[in-house]
1. Out of all the residues in the stretch 112-124, which are buried (at least 22 other Cβ atoms within 10 Å of the Cβ) and in a loop (DSSP other than H, G, I, E, B)?
2. Has the stretch 237-245 got any residue that is surrounded by fewer than 16 Cβ atoms within 10 Å (Cβ to Cβ), over 20 Å from the mean Cα position of the chain (by Cα) and closer than 22 Å to residue 143 by Cα?
3. So, residue 68, is that one surrounded by fewer than 23 Cβ atoms within 10 Å (Cβ to Cβ), in contact (Cβ under 8 Å) with a residue 24 or more places away in the chain and farther than 16 Å from residue 250 by Cα or not?
């Protein structure tokens with residue numbers, strides 16, 4: 001997976017780009033530091049992310065995330081500096097230029113997708129429940145229905161909790177193993193810890209889903225950052241439910 005471009009510090013906080021394989025016409029990144037604080041809110045943080053990605057007037061589009069597999073599509077032309085909440089879901093996609101798709105997370109796995117052939121982009125929120133529900137497959141199905149071929153896709157993973165900081169019970173491991181039976185999930189994606197507990201790498205299951213659908217491994221990149229181990233990133237496991245949220249976004253430039 002590719003190394004990452006340098007973090008850009010803004011007056012409000014920091015934005016780190018995500019690699020999309022050097023393909024022009026798209027940009028992706030995520031917020032750090034003060035831009036993840038609850039007091040700041042998604043409007044300010046999202047607008048700062050849009051500016052850092054070179055699309056200051058982009059319309060910001062979000063969903064009310066519910067840890068499921070529903071994917072919503074934004075079809076309207078972008079409004080200058082607009083902000084739309086589409087509804088309940090855990091993925092969103094668009095082909096419209098100057099629309100910044102936003103995913104909020106604080107340990108869950110944010111994934112952005114881009115197809116340089118058709119212009120479609122997507123943002124997906126994958127916690128363990130969404131991962132067990134194969135939310136990325138739902139996103140790939142929605143893109144395929146719009147003419148996107150998986151071998152053309154670029155995928156980038158934002159920060160999420162790493163395996164060794166995410167201990168779960170047997171019901172989580174069973175749900176994941178059942179959902180991904182037959183897929184090439186690395187054996188080290190789960191590791192026994194104590195009693196019936198396991199440490200789990202949720203991102204590894206999602207990466208396996210992409211590869212199984214035909215997304216090329218050399219077109220999948222990751223931030224390499226663990227939310228629980230990186231002090232300027234919020235972590236629900238480390239800080240509790242009142243922690244802030246990372247905003248991970250992708251935009252197709254005009």
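1. First pass over the stretch 112-124, keeping only residues buried (at least 22 other Cβ atoms within 10 Å of the Cβ): 112-115, 120-124.
Answer for the stretch 112-124, where residues must be buried (at least 22 other Cβ atoms within 10 Å of the Cβ) and in a loop (DSSP other than H, G, I, E, B): 115, 120.
2. No, the stretch 237-245 contains no residue that is surrounded by fewer than 16 Cβ atoms within 10 Å (Cβ to Cβ), over 20 Å from the mean Cα position of the chain (by Cα) and closer than 22 Å to residue 143 by Cα.
3. Numbers: surrounded by fewer than 23 Cβ atoms within 10 Å (Cβ to Cβ): yes; in contact (Cβ under 8 Å) with a residue 24 or more places away in the chain: yes; farther than 16 Å from residue 250 by Cα: yes.
Judged against the criteria, residue 68 is a match.
Each reported figure results from applying straightforward, stated rules to the coordinates on display, with no laboratory input. Every value quoted in this text rests on a predicted model; they were computed, and no experiment measured them. Heads up, the Cβs are rebuilt from the backbone with ideal geometry, glycines too, and the neighbour counts pull from every protein chain shown.
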